[in-house]
Amino acid sequence: MVKEKGGYGGFNDRYIDLRVDDHPRPIEELRRLYELHQLYFAPPKPEEIVPLTEDLRRRLQELLGKLGYFRGAVDGKPSPEFDEALFEFCGMENLEEHLRTDGTFDLRILRHMENLAIRSG
């Protein structure tokens, strides 16, 4: 797909360039790659930014634990350990720019975590 100055840094017109020629399930892979592209490069939709509630924090703690980033209590409470684990995860997944400091959370991070947790078994 092309878009004038839509490429990385606006230096070219290659807005999205995904190849799945040799994948056994190319349509599924193309969908997965497109979703990752949207995660990394598209701004969030307003409905994807939600308050960071105790329930959401608990779910994030569970997932961060399953993914090997968090070893604290899964209680939904704020803690430096939780903040560090979330920051580390986002850093490893190149999602630091999606972290927010206003008490809200980008649900795309949660969906990405859930997908990784499913793949890891």
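Residues that are on the phi < 0 side of the Ramachandran plot, part of a strand (DSSP E or B) and either of a type in the set (S, T, N, Q) or touching a Lys or Arg at 6+ places or on another chain (Cβ under 7 Å) (or both): does the range 1-10 have at least one? Checked the range 1-10: at least one residue is on the phi < 0 side of the Ramachandran plot, part of a strand (DSSP E or B) and either of a type in the set (S, T, N, Q) or touching a Lys or Arg at 6+ places or on another chain (Cβ under 7 Å) (or both). Checking every residue in the range 32-49 against the condition of being of a type in the set (Lys, Arg), in a helix (DSSP H, G or I), modelled with pLDDT under 95 and under 17 Å from Met113 (Cα atoms) gives at least one match. Restricting the first member to the range 92-121 and to residues that are part of a loop (DSSP other than H, G, I, E, B), and the second to residues that are exposed (fewer than 13 other Cβ atoms within 10 Å of the Cβ) and modelled with pLDDT of 95 or more, the beta-carbon pairs closer than 8 Å and six or more apart or on different chains are Gly103/Pro51.
Only one of the numbered conditions (1) assigned to a helix (DSSP H, G or I); (2) surrounded by fewer than 14 Cβ atoms within 10 Å (Cβ to Cβ) is violated by Arg59, and that is (2). Taken together, the residues in the range 3-33 that are under 21 Å from Cys90 (Cβ atoms) and either surrounded by 14 or more Cβ atoms within 10 Å (Cβ to Cβ) or of a type in the set (A, V, I, L, M) (or both) amount to 2.
The values are calculated or read from the model by the stated rules, or taken from the named source; none is laboratory data. Keep in mind it's a predicted model, so treat the numbers as computed, not measured. Cβ atoms come from the backbone with ideal geometry, glycine included; neighbour counts cover every protein chain shown.
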